[in-house]
Amino acid sequence: MAKLHHRSISKRMVEGLEVDEDTIFWDRELSGFGVRAYASGKKVYIVQARAKGKSRRVTVGRHGVLTAEQARQRAAQMITRIKAGEEVSPTNPEASRPEGPTIAALAERYLTEHVAVRCKQKTVELCRLMLKNHILPALGDVPIEAVERKQIADLHFRLRDRPATANHVVAVLSRMFNRAEAWELVPEGTNPCRSFPKYKARKHERFLTEEEFRRLGRVLADAANEGGASKYAVAALRLLMLTGCRRGEILSLRWIDVDLEAKVLHLADSKTGPRAVPLSPAAARVLSDLPRVAGNPWVIVSRKRGTHLRNLNQSWDIIRRRAGLEDVRLHDLRHSWASRALALGESLPMIGRLLGHTQVETTARYAHLARDSVKESAAKVAASIGADLYRHREAIEAARHRAGP
(Lines give C-alpha, C1' and ligand atoms only; values in the text may rest on other atoms or scores of the structure.)
Protein backbone atom coordinates (compact mmCIF):
# COMPACT_ATOMS: atom_id res chain seq x y z
CA MET A 1 0.00 0.00 0.00
CA ALA A 2 1.24 3.46 -0.87
CA LYS A 3 2.36 5.79 1.90
CA LEU A 4 0.32 8.97 2.47
CA HIS A 5 1.64 12.51 2.98
CA HIS A 6 0.17 16.03 2.84
CA ARG A 7 1.89 18.89 1.01
CA SER A 8 1.05 21.86 -1.18
CA ILE A 9 1.12 20.43 -4.69
CA SER A 10 3.00 22.66 -7.13
CA LYS A 11 5.21 22.28 -10.20
CA ARG A 12 8.41 22.52 -8.15
CA MET A 13 7.15 20.13 -5.47
CA VAL A 14 6.11 17.43 -7.98
CA GLU A 15 9.26 17.68 -10.08
CA GLY A 16 11.39 17.36 -6.96
CA LEU A 17 9.72 14.16 -5.76
CA GLU A 18 11.94 11.10 -5.43
CA VAL A 19 10.60 8.06 -3.58
CA ASP A 20 11.82 4.55 -2.82
CA GLU A 21 8.29 3.13 -2.82
CA ASP A 22 4.88 4.20 -4.12
CA THR A 23 3.75 7.28 -2.18
CA ILE A 24 0.65 9.47 -2.35
CA PHE A 25 0.90 13.18 -1.55
CA TRP A 26 -2.42 14.96 -0.85
CA ASP A 27 -2.82 18.66 -1.45
CA ARG A 28 -3.30 20.89 1.59
CA GLU A 29 -5.42 23.41 -0.33
CA LEU A 30 -7.76 21.32 -2.49
CA SER A 31 -9.11 18.42 -0.43
CA GLY A 32 -9.16 15.20 -2.43
CA PHE A 33 -6.51 16.27 -4.94
CA GLY A 34 -3.24 14.35 -4.86
CA VAL A 35 -0.25 13.06 -6.77
CA ARG A 36 0.97 9.47 -6.67
CA ALA A 37 4.74 9.09 -7.05
CA TYR A 38 6.18 5.74 -8.08
CA ALA A 39 9.66 4.39 -7.37
CA SER A 40 10.12 4.18 -11.16
CA GLY A 41 9.95 7.99 -11.35
CA LYS A 42 6.44 8.18 -12.81
CA LYS A 43 4.02 10.66 -11.19
CA VAL A 44 0.25 10.58 -11.67
CA TYR A 45 -2.34 13.09 -10.46
CA ILE A 46 -5.40 11.60 -8.76
CA VAL A 47 -8.63 12.68 -7.03
CA GLN A 48 -10.58 11.05 -4.26
CA ALA A 49 -14.07 12.04 -3.10
CA ARG A 50 -17.15 10.52 -1.47
CA ALA A 51 -20.55 10.15 -3.09
CA LYS A 52 -23.55 8.30 -1.65
CA GLY A 53 -21.43 7.05 1.23
CA LYS A 54 -18.78 5.52 -0.99
CA SER A 55 -15.27 6.80 -1.62
CA ARG A 56 -14.02 6.95 -5.19
CA ARG A 57 -10.48 7.47 -6.44
CA VAL A 58 -9.96 8.46 -10.09
CA THR A 59 -6.87 9.18 -12.18
CA VAL A 60 -6.61 12.76 -13.43
CA GLY A 61 -3.54 12.42 -15.66
CA ARG A 62 0.19 11.98 -15.72
CA HIS A 63 2.64 14.66 -14.69
CA GLY A 64 4.50 15.87 -17.75
CA VAL A 65 1.36 15.58 -19.84
CA LEU A 66 -0.45 17.82 -17.36
CA THR A 67 1.15 20.57 -15.32
CA ALA A 68 0.36 20.75 -11.63
CA GLU A 69 -1.95 23.72 -12.22
CA GLN A 70 -3.80 22.02 -15.09
CA ALA A 71 -4.22 18.90 -12.97
CA ARG A 72 -5.56 21.01 -10.06
CA GLN A 73 -8.20 22.65 -12.29
CA ARG A 74 -9.27 19.34 -13.76
CA ALA A 75 -9.30 17.73 -10.31
CA ALA A 76 -11.59 20.43 -8.90
CA GLN A 77 -14.13 19.77 -11.66
CA MET A 78 -13.92 15.99 -11.18
CA ILE A 79 -14.37 16.24 -7.39
CA THR A 80 -17.45 18.43 -7.88
CA ARG A 81 -18.95 15.91 -10.30
CA ILE A 82 -18.22 12.94 -8.02
CA LYS A 83 -19.86 14.67 -5.04
CA ALA A 84 -22.83 15.51 -7.23
CA GLY A 85 -23.28 11.83 -7.92
CA GLU A 86 -22.22 12.01 -11.56
CA GLU A 87 -20.29 9.17 -13.17
CA VAL A 88 -16.67 10.10 -13.66
CA SER A 89 -14.55 7.61 -15.60
CA PRO A 90 -10.81 7.26 -15.00
CA THR A 91 -8.67 9.05 -17.54
CA ASN A 92 -8.08 6.91 -20.61
CA PRO A 93 -4.43 5.72 -20.36
CA GLU A 94 -3.97 6.11 -24.10
CA ALA A 95 -5.32 9.64 -23.99
CA SER A 96 -2.72 10.59 -21.39
CA ARG A 97 0.15 8.88 -23.19
CA PRO A 98 2.48 11.51 -24.67
CA GLU A 99 2.61 11.59 -28.45
CA GLY A 100 5.46 14.05 -28.92
CA PRO A 101 8.89 13.39 -30.43
CA THR A 102 10.43 10.01 -29.81
CA ILE A 103 13.81 9.15 -28.33
CA ALA A 104 15.01 8.44 -31.88
CA ALA A 105 14.04 11.96 -32.98
CA LEU A 106 15.69 13.45 -29.91
CA ALA A 107 18.84 11.42 -30.59
CA GLU A 108 19.09 12.74 -34.14
CA ARG A 109 18.73 16.34 -33.00
CA TYR A 110 21.11 15.79 -30.08
CA LEU A 111 23.81 14.41 -32.38
CA THR A 112 23.38 17.17 -34.95
CA GLU A 113 22.88 20.26 -32.81
CA HIS A 114 24.90 19.41 -29.72
CA VAL A 115 27.39 16.55 -30.01
CA ALA A 116 28.71 17.40 -33.48
CA VAL A 117 29.13 21.07 -32.50
CA ARG A 118 30.50 20.84 -28.96
CA CYS A 119 32.25 17.48 -28.58
CA LYS A 120 35.53 15.96 -29.72
CA GLN A 121 35.55 13.21 -32.35
CA LYS A 122 36.12 10.42 -29.82
CA THR A 123 33.08 11.57 -27.82
CA VAL A 124 31.01 11.74 -31.01
CA GLU A 125 31.96 8.17 -31.91
CA LEU A 126 31.24 6.88 -28.39
CA CYS A 127 27.84 8.59 -28.31
CA ARG A 128 26.86 7.15 -31.70
CA LEU A 129 27.95 3.70 -30.54
CA MET A 130 25.84 3.86 -27.34
CA LEU A 131 22.82 5.03 -29.33
CA LYS A 132 23.13 2.50 -32.13
CA ASN A 133 23.87 -0.58 -30.02
CA HIS A 134 21.81 0.02 -26.89
CA ILE A 135 19.60 3.09 -26.55
CA LEU A 136 17.72 3.14 -29.87
CA PRO A 137 16.99 -0.62 -29.98
CA ALA A 138 15.47 -0.37 -26.48
CA LEU A 139 13.78 3.05 -26.50
CA GLY A 140 13.93 4.50 -30.00
CA ASP A 141 10.17 4.36 -30.67
CA VAL A 142 9.14 5.61 -27.21
CA PRO A 143 7.93 9.23 -26.92
CA ILE A 144 10.31 11.31 -24.83
CA GLU A 145 7.67 12.12 -22.19
CA ALA A 146 6.67 8.45 -21.92
CA VAL A 147 10.10 7.23 -20.83
CA GLU A 148 10.01 6.10 -17.20
CA ARG A 149 12.82 5.63 -14.73
CA LYS A 150 12.02 1.91 -14.59
CA GLN A 151 12.77 1.57 -18.32
CA ILE A 152 16.16 3.20 -17.77
CA ALA A 153 16.80 0.90 -14.81
CA ASP A 154 15.88 -2.17 -16.90
CA LEU A 155 18.26 -1.15 -19.69
CA HIS A 156 21.02 -0.44 -17.17
CA PHE A 157 20.46 -3.83 -15.52
CA ARG A 158 20.61 -5.73 -18.83
CA LEU A 159 24.12 -4.34 -19.33
CA ARG A 160 25.31 -5.17 -15.80
CA ASP A 161 27.99 -7.56 -17.09
CA ARG A 162 29.53 -4.53 -18.84
CA PRO A 163 29.41 -1.89 -16.09
CA ALA A 164 31.32 0.79 -17.99
CA THR A 165 28.99 0.47 -20.99
CA ALA A 166 25.91 0.45 -18.73
CA ASN A 167 27.05 3.69 -17.08
CA HIS A 168 27.88 5.29 -20.45
CA VAL A 169 24.38 4.48 -21.75
CA VAL A 170 22.70 6.20 -18.79
CA ALA A 171 25.09 9.16 -19.05
CA VAL A 172 24.24 9.68 -22.74
CA LEU A 173 20.50 9.41 -22.01
CA SER A 174 20.80 11.86 -19.13
CA ARG A 175 22.55 14.44 -21.32
CA MET A 176 19.88 13.94 -23.99
CA PHE A 177 17.09 14.61 -21.50
CA ASN A 178 18.93 17.70 -20.23
CA ARG A 179 18.98 19.03 -23.78
CA ALA A 180 15.30 18.08 -24.22
CA GLU A 181 14.50 20.25 -21.19
CA ALA A 182 16.62 23.12 -22.58
CA TRP A 183 14.80 22.81 -25.93
CA GLU A 184 11.46 22.79 -24.02
CA LEU A 185 10.50 19.38 -25.38
CA VAL A 186 9.75 18.18 -21.84
CA PRO A 187 9.02 20.00 -18.56
CA GLU A 188 11.98 21.00 -16.41
CA GLY A 189 13.02 18.53 -13.75
CA THR A 190 11.60 15.46 -15.51
CA ASN A 191 14.92 13.83 -16.45
CA PRO A 192 14.36 10.14 -15.50
CA CYS A 193 18.15 9.60 -15.26
CA ARG A 194 18.63 12.19 -12.52
CA SER A 195 20.70 10.89 -9.57
CA PHE A 196 20.80 7.45 -11.18
CA PRO A 197 23.04 4.98 -9.30
CA LYS A 198 26.03 3.77 -11.32
CA TYR A 199 27.73 0.41 -11.33
CA LYS A 200 31.14 0.41 -9.72
CA ALA A 201 33.68 0.37 -12.54
CA ARG A 202 36.13 -2.48 -12.62
CA LYS A 203 39.62 -1.24 -11.89
CA HIS A 204 42.24 -2.39 -14.34
CA GLU A 205 45.77 -1.66 -13.25
CA ARG A 206 48.58 -3.21 -15.25
CA PHE A 207 52.09 -1.82 -15.22
CA LEU A 208 54.93 -3.16 -17.34
CA THR A 209 58.04 -4.33 -15.53
CA GLU A 210 61.56 -3.53 -16.73
CA GLU A 211 61.86 -7.01 -18.22
CA GLU A 212 58.52 -6.63 -20.03
CA PHE A 213 59.59 -3.28 -21.48
CA ARG A 214 62.77 -4.94 -22.80
CA ARG A 215 60.78 -7.82 -24.26
CA LEU A 216 58.35 -5.43 -25.92
CA GLY A 217 61.25 -3.42 -27.33
CA ARG A 218 62.73 -6.54 -28.95
CA VAL A 219 59.37 -7.51 -30.51
CA LEU A 220 58.88 -4.01 -31.88
CA ALA A 221 62.35 -4.07 -33.42
CA ASP A 222 61.60 -7.42 -35.06
CA ALA A 223 58.22 -6.17 -36.32
CA ALA A 224 59.81 -3.08 -37.85
CA ASN A 225 62.43 -5.22 -39.62
CA GLU A 226 60.47 -8.35 -40.49
CA GLY A 227 56.83 -7.24 -40.67
CA GLY A 228 53.79 -7.83 -38.50
CA ALA A 229 53.05 -4.11 -38.16
CA SER A 230 53.71 -1.08 -40.33
CA LYS A 231 56.63 1.18 -39.45
CA TYR A 232 54.11 3.87 -38.57
CA ALA A 233 52.23 1.59 -36.18
CA VAL A 234 55.53 0.59 -34.57
CA ALA A 235 56.51 4.26 -34.25
CA ALA A 236 53.12 5.06 -32.65
CA LEU A 237 53.59 2.32 -30.06
CA ARG A 238 57.11 3.48 -29.25
CA LEU A 239 55.89 7.07 -28.84
CA LEU A 240 53.10 5.94 -26.51
CA MET A 241 55.69 4.25 -24.29
CA LEU A 242 58.22 7.09 -24.43
CA THR A 243 55.87 10.07 -23.91
CA GLY A 244 52.94 8.79 -21.83
CA CYS A 245 50.60 10.42 -24.34
CA ARG A 246 47.08 9.24 -25.03
CA ARG A 247 46.50 7.08 -28.09
CA GLY A 248 44.46 9.77 -29.86
CA GLU A 249 47.14 12.40 -29.23
CA ILE A 250 49.75 10.31 -31.06
CA LEU A 251 47.53 9.08 -33.90
CA SER A 252 46.29 12.62 -34.65
CA LEU A 253 49.78 14.16 -34.44
CA ARG A 254 50.72 16.42 -37.36
CA TRP A 255 54.23 17.36 -38.46
CA ILE A 256 53.48 21.03 -37.75
CA ASP A 257 52.94 19.98 -34.11
CA VAL A 258 56.47 18.51 -33.92
CA ASP A 259 59.42 20.73 -33.00
CA LEU A 260 62.46 18.46 -33.11
CA GLU A 261 64.85 21.33 -32.55
CA ALA A 262 63.18 22.33 -29.28
CA LYS A 263 62.31 18.67 -28.60
CA VAL A 264 58.63 19.28 -27.88
CA LEU A 265 55.19 18.30 -29.22
CA HIS A 266 52.59 21.07 -29.37
CA LEU A 267 49.20 19.38 -28.91
CA ALA A 268 46.54 21.92 -29.79
CA ASP A 269 43.57 19.57 -29.40
CA SER A 270 44.34 17.13 -26.60
CA LYS A 271 41.60 15.76 -24.34
CA THR A 272 42.25 18.38 -21.66
CA GLY A 273 43.08 21.28 -23.97
CA PRO A 274 46.30 22.56 -25.58
CA ARG A 275 49.52 21.35 -23.98
CA ALA A 276 53.21 20.88 -24.72
CA VAL A 277 54.83 17.45 -24.38
CA PRO A 278 58.61 17.33 -23.89
CA LEU A 279 60.45 14.90 -26.16
CA SER A 280 63.20 12.74 -24.76
CA PRO A 281 66.17 11.98 -27.07
CA ALA A 282 64.72 8.50 -27.66
CA ALA A 283 61.28 9.89 -28.62
CA ALA A 284 62.87 12.53 -30.84
CA ARG A 285 64.89 9.80 -32.57
CA VAL A 286 61.69 7.83 -33.34
CA LEU A 287 60.24 10.90 -35.03
CA SER A 288 63.40 11.89 -36.90
CA ASP A 289 63.74 8.35 -38.30
CA LEU A 290 60.13 8.28 -39.52
CA PRO A 291 59.76 9.11 -43.24
CA ARG A 292 57.38 11.89 -44.18
CA VAL A 293 54.81 11.27 -46.92
CA ALA A 294 54.51 14.04 -49.47
CA GLY A 295 51.11 15.71 -49.34
CA ASN A 296 50.20 14.06 -46.03
CA PRO A 297 50.32 16.33 -42.95
CA TRP A 298 50.05 13.46 -40.46
CA VAL A 299 52.94 11.81 -38.61
CA ILE A 300 51.36 8.36 -38.24
CA VAL A 301 50.01 7.84 -41.74
CA SER A 302 47.66 5.11 -42.93
CA ARG A 303 47.52 3.28 -46.23
CA LYS A 304 44.71 5.52 -47.44
CA ARG A 305 46.17 8.55 -49.18
CA GLY A 306 46.24 11.76 -47.13
CA THR A 307 44.92 10.21 -43.90
CA HIS A 308 46.32 9.11 -40.56
CA LEU A 309 46.11 5.75 -38.83
CA ARG A 310 42.93 5.58 -36.76
CA ASN A 311 43.12 2.14 -35.19
CA LEU A 312 46.13 0.56 -33.51
CA ASN A 313 44.26 -2.40 -32.07
CA GLN A 314 45.10 -4.92 -34.78
CA SER A 315 48.82 -4.11 -34.72
CA TRP A 316 48.88 -4.05 -30.92
CA ASP A 317 47.16 -7.45 -30.69
CA ILE A 318 49.92 -8.97 -32.84
CA ILE A 319 52.72 -7.24 -30.93
CA ARG A 320 51.48 -8.05 -27.45
CA ARG A 321 50.88 -11.72 -28.28
CA ARG A 322 54.43 -12.03 -29.60
CA ALA A 323 55.71 -10.36 -26.43
CA GLY A 324 53.60 -12.55 -24.16
CA LEU A 325 51.66 -9.55 -22.87
CA GLU A 326 48.11 -10.51 -23.81
CA ASP A 327 46.61 -8.89 -20.69
CA VAL A 328 48.14 -5.50 -21.46
CA ARG A 329 45.90 -2.84 -23.04
CA LEU A 330 47.17 0.07 -25.10
CA HIS A 331 46.19 2.49 -22.33
CA ASP A 332 48.34 0.48 -19.90
CA LEU A 333 51.39 1.88 -21.70
CA ARG A 334 50.40 5.29 -20.33
CA HIS A 335 49.94 3.83 -16.84
CA SER A 336 53.33 2.16 -17.12
CA TRP A 337 54.94 5.47 -18.04
CA ALA A 338 53.48 7.02 -14.87
CA SER A 339 54.61 4.01 -12.82
CA ARG A 340 58.19 4.32 -14.07
CA ALA A 341 58.18 8.07 -13.36
CA LEU A 342 57.16 7.40 -9.76
CA ALA A 343 59.82 4.72 -9.40
CA LEU A 344 62.40 7.29 -10.51
CA GLY A 345 61.27 9.73 -7.83
CA GLU A 346 58.98 12.12 -9.73
CA SER A 347 56.17 13.67 -7.65
CA LEU A 348 52.48 13.13 -8.35
CA PRO A 349 51.89 16.81 -9.25
CA MET A 350 54.74 16.70 -11.78
CA ILE A 351 53.44 13.46 -13.28
CA GLY A 352 49.99 15.02 -13.54
CA ARG A 353 51.46 17.94 -15.49
CA LEU A 354 53.43 15.66 -17.79
CA LEU A 355 50.39 13.48 -18.50
CA GLY A 356 48.13 16.48 -19.11
CA HIS A 357 45.79 15.88 -16.16
CA THR A 358 43.59 18.83 -15.19
CA GLN A 359 42.15 17.16 -12.08
CA VAL A 360 44.27 16.12 -9.10
CA GLU A 361 41.93 13.16 -8.61
CA THR A 362 43.01 11.72 -11.97
CA THR A 363 46.65 11.54 -10.95
CA ALA A 364 45.71 10.33 -7.47
CA ARG A 365 45.03 6.85 -8.89
CA TYR A 366 48.83 6.40 -8.82
CA ALA A 367 49.11 7.40 -5.16
CA HIS A 368 49.45 3.79 -3.99
CA LEU A 369 52.45 3.40 -6.29
CA ALA A 370 53.99 6.49 -4.72
CA ARG A 371 53.46 4.95 -1.28
CA ASP A 372 55.13 1.74 -2.46
CA SER A 373 58.11 3.75 -3.73
CA VAL A 374 58.35 5.56 -0.39
CA LYS A 375 58.27 2.25 1.49
CA GLU A 376 61.02 0.80 -0.72
CA SER A 377 63.15 3.92 -0.25
CA ALA A 378 62.57 3.85 3.50
CA ALA A 379 63.55 0.19 3.63
CA LYS A 380 66.77 0.89 1.73
CA VAL A 381 67.70 3.79 4.03
CA ALA A 382 66.88 1.77 7.15
CA ALA A 383 68.90 -1.20 5.87
CA SER A 384 71.90 1.03 5.24
CA ILE A 385 71.75 2.61 8.71
CA GLY A 386 71.05 -0.76 10.31
CA ALA A 387 74.20 -2.19 8.74
CA ASP A 388 76.25 0.50 10.47
CA LEU A 389 74.27 0.39 13.69
CA TYR A 390 74.67 -3.33 14.30
CA ARG A 391 78.06 -3.84 12.65
CA HIS A 392 79.78 -4.23 16.09
CA ARG A 393 77.33 -7.02 16.99
CA GLU A 394 78.12 -8.83 13.74
CA ALA A 395 81.90 -8.52 14.53
CA ILE A 396 81.40 -10.06 18.00
CA GLU A 397 79.37 -12.92 16.55
CA ALA A 398 82.05 -13.54 13.91
CA ALA A 399 84.79 -13.62 16.58
CA ARG A 400 82.85 -16.12 18.66
CA HIS A 401 82.38 -18.28 15.63
CA ARG A 402 86.14 -18.29 14.90
CA ALA A 403 87.00 -19.10 18.54
CA GLY A 404 84.79 -22.12 18.49
CA PRO A 405 83.10 -23.77 21.52
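The values are calculated or read from the model by the stated rules, or taken from the named source; none is laboratory data. Here the structure is a predicted model, which means the values were calculated and not measured. Backbone-built Cβ (ideal geometry, glycine too); neighbour counts: all protein chains shown.
Selection over region 207-227 of residues that are surrounded by fewer than 21 Cβ atoms within 10 Å (Cβ to Cβ) and touching a Lys or Arg at 6+ places or on another chain (Cβ under 7 Å) gives a count of 1.
R158 - would you say it is assigned by TED's automatic domain parsing to the domain that holds G140 and among the charged types (D, E, K, R)? For R158, the condition - assigned by TED's automatic domain parsing to the domain that holds G140 and among the charged types (D, E, K, R) - is met.
Scanning region 268-288 for residues that are touching a residue at least 24 places away in the same chain (Cβ under 8 Å), at negative phi and not hydroxyl-bearing (S, T, Y) yields D269, K271, R275, V277, P278, L279, A282, A283, A284, V286, L287. Across region 1-37, the number of residues qualifying as over 14 Å from A76 (Cα atoms), free of Cβ contacts under 8 Å to residues at least 40 places away in the same chain and assigned to a loop (DSSP other than H, G, I, E, B) comes to 8. Can you find, within region 40-58, the residue that is farthest from E69 (Cα to Cα) among those that are without any contact (Cβ under 8 Å) to a residue 24 or more places away in the chain and surrounded by fewer than 16 Cβ atoms within 10 Å (Cβ to Cβ)? Looking at residues that are without any contact (Cβ under 8 Å) to a residue 24 or more places away in the chain and surrounded by fewer than 16 Cβ atoms within 10 Å (Cβ to Cβ), I get G53.
Being in contact with a Pro (Cβ under 7 Å, 6 or more places away or on another chain) and either closer than 28 Å to V117 by Cα or part of a helix (DSSP H, G or I) (or both) holds for only one residue in E188, E184, E145, and it is E145. Starting from region 81-104, keep only residues that are surrounded by 10 or more Cβ atoms within 10 Å (Cβ to Cβ) and modelled with pLDDT of 65 or more, then list their pairs with residues that are assigned to a helix (DSSP H, G or I) and β-branched (V, I, T) whose Cβ atoms are within a distance under 8 Å, requiring at least 6 positions of separation or different chains. Correct list of pairs: V88/I82; G100/I144; P101/I144; T102/I144; I103/I135; I103/I144. Could you go through region 210-220 and let me know if any residue there is free of Cβ contacts under 8 Å to residues at least 60 places away in the same chain, outside any helix (DSSP H, G or I) and not small (G, A, S). Checking region 210-220: not a single residue is free of Cβ contacts under 8 Å to residues at least 60 places away in the same chain, outside any helix (DSSP H, G or I) and not small (G, A, S).
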